[in-house]
Amino acid sequence: MRVRPRDTAAPAPPKRSLRRRRLIGLAALGAALLVALLGSIAIGTKVIPPGEVFSALFAPTGTENDLVIRSLRIPRTLLGVLVGIALGLAGALAQGFTRNPLADPGLLGINAGAAFFVVCGIYLFGVTSLFGYVWFAFAGALVASVAVFVIGTRATGGATPVSLALAGAAVSFLLQALTSSIVLLDETSLDAYRFWVVGSLAGRDADVAGQVVWFIVVGTVLALASAPALNALSLGDDVATSLGHSVRRTRLVGVVAITLLAGAATAACGPITFLGLIVPHVVRAFTGPDHRWLLPASGLAGAVLLLVADVVGRVVVRPGELQVGIVVALIGGPFFIALVRRKKLGAV
């Protein structure tokens, strides 16, 4: 008897159904962001009744609770939104440009470059304030990503996903070794560095947000504008070229956007790992691999996750506080393992 092969290919969802699912997903993320914003303003190590939170927002009278809400929690919340959007977008871009589902901004040396320059600022120039760390961290992220792109471009075949990933790994390992050498030599650098490197929104005021906001805005514009070219690149370099896209220029724009977004976020809060890695995989469940939908959804989801993690960190160890970088890692690690065990990673 002749056996017919089983057809294992899943039927493609109708376009109208897919579009509706994407719109519902974006609307849900918008609603979740609104809830996270309110939670970040209302919940903290100091318990403030909801009525006084409302009064501080809309009819402040100068009480201590008003100052806590308006001077500490609102700037911290706005910075969390900016950093979450930046890391979510940077993660989706890094996975798209390298075609690597396990890529995140750290793969391009951004975290290592920022950490090395911060340690140099502490060791060589005596910088001790968060305000001073911002510019050293951003300069380090910029120098490291440019070095990765230059090294990757000079490899055989040009700036391919593999050459960029290898160059990023090499630059990261070198900078991490140099950073370790300095902090082992100087105890003062070690004390300041280990506080910065865990990643935190605490203690960052509106001035820190003002320092990085325009870098994140420009990076967001470049990221969203590169979505059509990323879709073409996902089909292969030859197909992208035949469709009229310059592969080299597209990758250069991508590296600039990732550097601005991840560099500014790291400069403001220190390295926050896992967020840029897991968020794109989560939102692909309803956006699919189309970067025109994936990028804005990743930005929104990144902001929601960072704000929720920050609120969790404020309440789990009261009256103390757990840094948001630690909470994101604690949430993201098991979630990512479960995601990998449940199904194959989404196509990039």
> For the range 106-160, what is the largest minus smallest coordinate of the Cα atoms on each principal axis, given in angstrom and ordered from greatest to least?
Replying inline: 44, 17, 13
> With the chain treated as a Gaussian network of Cα nodes joined by springs under 10 Å, which of T273, T156, T188 yields the largest mean-square fluctuation?
Replying inline: T156
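Per residue, what volume in Å³ does the convex hull of the Cα atoms of the range 199-348 enclose?
It is 108 Å³ per residue.
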> When the helices in the chain are scored as -39500 (n - 2.57) per DSSP H run of 4 or longer and the sum is shared across all residues, what 222 nm value do you end up with, to the nearest 500 deg cm²/dmol?
Replying inline: -24500 deg cm²/dmol
> Where in the chain are the DSSP H helices whose alpha-carbon span along the long axis reaches 15 Å or more and whose Kyte-Doolittle mean is at least -1.0?
Replying inline: 15-42, 74-98, 110-125, 130-153, 161-185, 206-225, 247-269, 275-287, 291-315, 324-342
> Scanning the chain for trypsin sites (Lys or Arg not before Pro) in DSSP loops with at most 15 other Cβ atoms within 10 Å, what's the longest stretch left with none?
Replying inline: 155-342
>> I need the shape label for the range 154-269. Rule: rounded when a/c is under 1.5, else prolate if a/b > b/c, else oblate, with a, b, c from the alpha carbon gyration tensor.
In response: oblate
> From the residues V221, A137, V312, which one has its Cα farthest along the dipole of the chain in the positive direction, the dipole being from +1 and -1 charges on Cβ of Lys/Arg and Asp/Glu about the Cα centre?
Replying inline: V221
>> Which of rounded, prolate or oblate describes the range 130-176 when judged by the alpha-carbon gyration tensor and an a/c cut-off of 1.5?
In response: prolate
>> If N is the number of residues in the range 224-272, what value comes out of its Cα radius of gyration divided by 2.2 N^0.38 Å?
In response: 1.39
> Quick one: accessible area per residue over the chain, 1.4 Å probe, rounded to a whole number of Å²?
Replying inline: 49 Å²
>> I need the fraction of alpha carbon pairs in the range 267-331 separated by more than 14 Å, rounded to a whole percent.
In response: 59 percent
> Taking the Cα atoms of the range 11-70, what is the range of coordinates along each of the three principal axes, in descending order and whole Å?
Replying inline: 60, 22, 15
> Let a ≥ b ≥ c be the square roots of the eigenvalues of the Cα gyration tensor of the range 37-146; is it rounded (a/c under 1.5), or, if not, prolate (a/b larger than b/c) or oblate?
Replying inline: oblate
>> Rounded to the nearest percent, how much of the accessible area of the chain (1.4 Å probe, protein heavy atoms only) is carbon and sulfur?
In response: 68 percent
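The values are calculated or read from the model by the stated rules, or taken from the named source; none is laboratory data. The structure displayed is predicted, hence computed values, not measured ones. Reconstructed Cβ throughout: ideal geometry from the backbone, glycine too, with neighbour counts over all protein chains shown. The accessibility values were calculated without ligands, DNA or RNA, using every heavy atom of the protein model including side chains. Shrake-Rupley method; radii C 1.70, N 1.55, O 1.52, S 1.80 Å.
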